[in-house]
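One structure below.
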Amino acid sequence: AVLGRANRFLSSHVNAIATSLPGVLDRDPALAPKTTTVGTPMRPAILAAAAVKYVSPELTGPFRLLVVGGSQGARVMADIVPAAIERLEPALYNRLVLTQQVREEDMARVRAAYVRLKINAELAPFFSDLPARLASSHLIVSRAGAGTVAELAAIGRPSILVPLPSSIDQDQFANAGVLVQANGALRIPQADFTSDRLAAEIRALAVAPERLATTAAAARAIGRLDAAERLADLVIKVAGI
């Protein structure tokens, strides 16, 4: 992630900085020379998910959409996503296999919206098997925390990222930008994240499986699966062992 102010101060006293995403310190001439992109060390479940090849949806087959909002969910997803789904043509939303992380306080209204639309939806406040769900999805709508972005790149899945607007130093906006610059994601600022906008983006992607596949491949191209080894090598180098 982008360094916060406190970390930025501390960084002036270190010999090396390891970052999870490329390019996040390129604009800081004092820090860039110290920086090595090692990636984010991945847990075994992510490494297993990364081994699953992305398969584009067929135009008349199921379209697997995963909506997540960080560790505690996100109210904006509960506010926007159901209304966006309702704006899709029935031929498209009838194809949806939707998995959405929803906070307990938002669960009743979100569930009622999907029941009314007869959407095939699985809702929960938390998914313990999220890596496998990422791997099985055709498209992910998500916040843009550093860990989330790194996992999307490692697994190689197309995403629509909505950065948390109140994050320190707009780090989520910068995190999402790494994937956007690689053509591996679409970034929508929360101020522009409306049901009409989201519906339009889902509609455009659902009918363009080749674009989804290209975006997945672009995300995967910047993913790092050997981050733990890279970080260990950097520590050994700095320590002079």
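The values are calculated or read from the model by the stated rules, or taken from the named source; none is laboratory data. Not measured: the values here are computed from a predicted model. Here the Cβ positions follow ideal geometry from the backbone for every residue, glycine too, while neighbour counts run over all protein chains shown. Surface areas here come from the heavy atoms of the whole protein model, side chains and all, with no ligands, DNA or RNA. Shrake-Rupley method; radii C 1.70, N 1.55, O 1.52, S 1.80 Å.
With the Cα gyration tensor of the chain giving a ≥ b ≥ c as the square roots of its eigenvalues, does the rule (a/c under 1.5 for rounded; else a/b larger than b/c for prolate; else oblate) give rounded, prolate or oblate? Prolate is the answer for the chain, as a/c is 1.5 or above and a/b outweighs b/c.
Taking each DSSP H run with n ≥ 4 as -39500 (n - 2.57) and averaging over every residue of the chain yields -13000 deg cm²/dmol at 222 nm. Here the Gaussian network model covers the chain, with springs between Cα atoms less than 10 Å apart; of Gly61, Gly69, Gly223, Gly61 fluctuates the most. Treating the angle as unsigned and between 0 and 90°, give the value, to the nearest 10°, between the Cα long axis of helix 195-206 and the longest Cα principal axis of the chain. Long axis of 195-206 versus the principal axis of the chain: about 90 degrees. Shape class for region 141-241, computed from the alpha carbon gyration tensor (a ≥ b ≥ c): oblate, with a/c not under 1.5 and a/b at or below b/c. Accessible surface calculations at 1.4 Å, restricted to protein heavy atoms, place the chain at 48 Å² per residue. Applying the criteria of a DSSP loop state and at most 14 other Cβ atoms within 10 Å to the GluC sites (Glu not before Pro) of region 56-143 yields Glu58.
Treating only the Cβ of Lys, Arg, Asp and Glu as charged (+1, +1, -1, -1), what charge dipole size does region 160-230 show about its Cα centre? Round to the nearest 20 debye. Approximately 180 debye in magnitude.
Cα-based Rg of region 37-129 per 2.2 N^0.38 Å, rounded to two decimals?
Values: Rg = 15.2 Å, N = 93, 2.2 N^0.38 = 12.3 Å.
Here the answer is 1.23, to two decimals.
Against the main long axis of the alpha-carbon atoms of the chain, helix 75-86 sits at an angle near 40°. For region 133-197, which whole percent of the accessible surface, found with a 1.4 angstrom probe, sits on carbon and sulfur atoms? Of all accessible area on region 133-197, carbon and sulfur atoms account for 51 percent. Principal-axis analysis of the Cα atoms of the chain puts helix 227-239 at an angle of about 20° to the longest axis.
To the nearest µm²/s, what D does Stokes-Einstein give for region 169-208 at 37 °C and 0.692 mPa s, using the Kirkwood radius over alpha carbon pairs as Rh?
Using the Kirkwood radius from Cα pairs, D works out to 293 µm²/s.
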